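Have a look at the structure below, then the notes.
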Amino acid sequence: MVSIATLGSHCALQVLKGAKDEGFKTILLCEKKREHLYRRFGFIDEIFLMDSFLELFEQNCESMLQENNSILIPHGTLISQMSSEQIESIKTPVFGNKYILRWESDRALKEQLMKEAKLNVPKSIPNSEQINSLVIAKRHGAAGGKGYFLASSEEEYNKKRDKLVKQGLISGDNDLYIQEYSSGVLAYLQFFYSPLKNELEFFGVDQRHESDIDGLARIPAENQLATDKTSSFNVIANSPLVLRESLLDDVYKMGENFVEASAKLVPPGMNGPFCI
């Protein structure tokens, strides 16, 4: 019997609850510090404890997954905790295309993929010397918004970058990706592509709630100016949205173009779930 395994973080509860509902055995690869949380959920059949997620590459973990005929479901924690080379060396079958995760962890590659898919992408800024309008600086990989910041000048950028270096979040400019800031409603479009059916499903859209930028937005401008607080974009929750039906045709075209671009640049492409 096939079992479904995933790392104990990010969206593990949703993944394993869904797998259990579909009749699969469920396995959680869990850091010891989180064991108490996951023991609460009866739909997790087996919890494999480890000191670090990097133990995924050790023989005892690989043997356990092999014995259980496991399929590993990747998510953001895999990208944030491991290098692309490590992910691509995983011996356990990975659901989807594990090679596309390299493109997810590198914002320059991700931009290339999105442009190939004919998606509107904010202009990237090669270096801080070329900042002449409001920009957002992002860390590479799946950082969950941690360490993102806004800047309107090279001086402001350098000040906030140096603060992140002191905090140990980054080592320097190479860890940051600068884009022109584009205002609008944040909507995360959720898709699933089945190569077996050659079918794309659009199954939802959500909005992220970020700390503390969401809270700062509720403070009047004069009070914001009186503080010396640097805004942060740490994702703490998601909530569903309902798009206007008139937007759906464009949404499907975006998803279809992304699937086609992925197959061209990173074969066999974006198989399984993805978000734009």
Report summary line: Subset of region 103-137, residues surrounded by 15 or more Cβ atoms within 10 Å (Cβ to Cβ), touching a strand residue (DSSP E or B) at 6+ places or on another chain (Cβ under 9 Å) and of a type in the set (S, T, N, Q), comes to SER128
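List the helices (runs of 4 or more DSSP H) that sit entirely inside region 8-87 and contain at least 1 residues that are among the hydroxyl-bearing types (Ser, Thr, Tyr), modelled with pLDDT under 95 and under 24 Å from the mean Cα position of the chain (by Cα). Walk me through it before giving the result.
On the way: elements: 12-21, 35-38, 59-67, 76-81.
Passing ranges, in order: 76-81.
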Query raised in the report: Do you know which residues across region 195-212 are in contact (Cβ under 8 Å) with a residue 24 or more places away in the chain and either in a strand (DSSP E or B) or more than 21 Å from PHE274 (Cα to Cα) (or both)?
Result: LEU200, PHE202, GLY204, VAL205, ASP206, GLN207, ARG208, HIS209, GLU210, SER211
Query - Subset of region 68-77 (residues that are under 10 Å from ALA5 (Cβ atoms) and β-branched (Val, Ile, Thr)) - result: ILE71, ILE73
Query raised in the report: What is the residue count in region 218-269 for residues that are modelled with pLDDT of 95 or more and either touching a helix residue (DSSP H, G or I) at 6+ places or on another chain (Cβ under 8 Å) or acidic (Asp, Glu) (or both)?
Result: 13
**Report entry** Index of the failed condition, ILE100 passing every other in (1) modelled with pLDDT under 95; (2) of a type in the set (A, V, I, L, M, F, W, C); (3) crowded, with 17+ Cβ neighbours inside 10 Å
**Finding:** (1)
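Looking only at region 27-67, count how many residues are among the small types (Gly, Ala, Ser) and within 24 Å of MET1 (Cα to Cα).
We begin by selecting, within region 27-67, every residue among the small types (Gly, Ala, Ser); these are 42, 52, 63.
Checking the rest, the ones that are also within 24 Å of MET1 (Cα to Cα) come to 42, 63.
Looking only at that region, the number is 2.
Residues are listed down the side, and each one gets a yes or a no for (1) under 25 Å from SER171 (Cβ atoms); (2) at pLDDT 95 or above:
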residue	(1), (2)
LEU113	no, yes
LYS118	no, yes
PRO126	yes, no
VAL135	yes, yes
ARG139	yes, no
ALA142	yes, no
LYS146	yes, no
PHE149	yes, no
GLU154	yes, yes
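The values are calculated or read from the model by the stated rules, or taken from the named source; none is laboratory data. Fair warning: this is a prediction, and the values are worked out from it, not measured in the lab. Don't worry about glycine lacking a Cβ; one is built from the backbone with ideal geometry, like all the others, and counts go over all protein chains shown.
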